[in-house]
Every structure is written in structure tokens, then in C-alpha cells.
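What follows is a set of notes on a single structure, which appears directly below.
The values are calculated or read from the model by the stated rules, or taken from the named source; none is laboratory data. As the structure is a prediction and not an experimental result, all values here were calculated from the model. When we count neighbours, we look across all protein chains shown, and the Cβ atoms used for this are built from the backbone with ideal geometry, even at glycine. Accessible surface is based on the protein model in full, side chains and every heavy atom, while ligands, DNA and RNA are left aside. Shrake-Rupley method; radii C 1.70, N 1.55, O 1.52, S 1.80 Å.
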Amino acid sequence: MEMNGTTVIGRPVDIVFAYVIDFSNDIHWRAGAPESGLSSDQPFGPGTIGYTRVGDVETEWRVVSYVENESADWELTSGPFKGSGGYRLVPVDGSTQFTLVADVEPAGVYKLLGPLFAWMGRRRNQADVEKLRDILEAT
């Protein structure tokens with residue numbers, strides 16, 4: 001289920017990219033994510049392992065591709081969801097079009113929610129990218 005969110009942020013691509021790949025910043029712009037970070041000590045790039053906790057649910061992910069100031073993609077490696085996600089950044093007249101990509105298949109009780117899960121995920125991700133925009137434009 002695709003649950004993407006997109007917005008245009010009035011900041012240059014390098015500023016937006018640096019902020020979003022510092023996963024400790026997730027607590028400021030991702031609703032319900034009180035903890036997120038990297039589990040591996042290596043520089044951010046393919047193979048980097050990270051985690052995100054949303055409510056009581058923790059997922060682990062592994063970076064599969066990375067192009068500085070352009071994109072980062074990961075796959076979920078543990079938790080109640082299977083799938084992938086990432087960030088896409090495109091320069092637009094001194095601003096940045098930012099897309100939070102999420103393609104997730106719920107499992108267990110979450111699978112029973114089906115279309116409601118997808119609708120809620122899209123709404124949450126859109127609200128998250130808009131909050132990110134507000135934070136970055138205020139600095």
C-alpha cells in the first residue's frame with residue numbers, strides 16, 4: 001500500500017536532506033515517533049541499519065540506496081510491517097519538493113484494517129511532511 005506524502009519546502013535541497021537523514025530529528029516532525037535513530041556506526045549509506053518506534057511498534061530498517069541530496073531508500077527488516085520507504089528531494093526554484101515514500105504491507109491485526117490503514121497512513125505521512133516544512137521554513 002502506497003502511503004506517500006509530498007510538499008514543497010522553502011529551503012535548499014542540501015538543508016532539507018541533512019535534516020531528514022539525521023533520524024534523531026524524526027521526533028520533531030514524525031507524529032507519534034518518540035524514538036528513531038541509527039543502530040550501526042558506519043556513515044549513512046547502503047547497509048546502514050536504523051530503527052523507528054511509533055507508539056508501541058518498533059521497526060528496523062536497512063538502507064538499500066542513497067544519493068546525497070536526492071534520495072534515500074530503505075527496506076523494513078523487522079516489525080509488524082513488510083515493505084520499503086524513502087525520501088525523494090527535487091530542487092524547485094530555490095526550494096525543495098520533498099516526498100516521504102512508504103510502500104508498506106501490514107501484517108497481523110493491522111492487515112485486518114486494510115483500506116482504513118492505508119487512508120490513515122497517507123493522512124499521517126502528509127501531515128508529517130507539512131510539519132517538516134513548517135519546522136524548516138521557521139529556521
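Return yes or no: is Thr77 among the polar types (S, T, N, Q) and closer than 21 Å to Lys131 by Cα? No: the conditions fail for Thr77. Filtering the stretch 76-95 down to residues that are over 13 Å from Thr52 (Cβ atoms) and open to solvent by 40 Å² or more (accessible area, probe 1.4 Å), which residue is modelled with the lowest pLDDT? Going through the qualifying residues, I end up with Lys82. The criterion of being among the hydrophobic types (A, V, I, L, M, F, W, C), without any contact (Cβ under 8 Å) to a residue 60 or more places away in the chain, under 24 Å from Leu136 (Cα atoms) and assigned to a loop (DSSP other than H, G, I, E, B) holds for Ala33. Taking Asp26 as the residue in question, decide whether it is surrounded by 14 or more Cβ atoms within 10 Å (Cβ to Cβ) and closer than 14 Å to Val104 by Cα. No; evaluated as a whole, the condition is false for this residue. Only one of the numbered conditions (1) open to solvent by less than 70 Å² (accessible area, probe 1.4 Å); (2) of a type outside the set (A, V, I, L, M); (3) in a helix (DSSP H, G or I) is not met by Asp14, and that is (1). Across the stretch 21-30, the number of residues qualifying as part of a loop (DSSP other than H, G, I, E, B) and either among the polar types (S, T, N, Q) or without any contact (Cβ under 8 Å) to a residue 40 or more places away in the chain (or both) comes to 1. Within the stretch 52-60, can one find any residue that is open to solvent by 70 Å² or more (accessible area, probe 1.4 Å), part of a strand (DSSP E or B), touching a strand residue (DSSP E or B) at 6+ places or on another chain (Cβ under 7 Å) and modelled with pLDDT of 95 or more? Checking the stretch 52-60: not a single residue is open to solvent by 70 Å² or more (accessible area, probe 1.4 Å), part of a strand (DSSP E or B), touching a strand residue (DSSP E or B) at 6+ places or on another chain (Cβ under 7 Å) and modelled with pLDDT of 95 or more.
Being surrounded by fewer than 19 Cβ atoms within 10 Å (Cβ to Cβ), outside any helix (DSSP H, G or I) and in contact (Cβ under 8 Å) with a residue 60 or more places away in the chain: is that true of Val64 here? When the stated conditions are applied, Val64 does not pass them.
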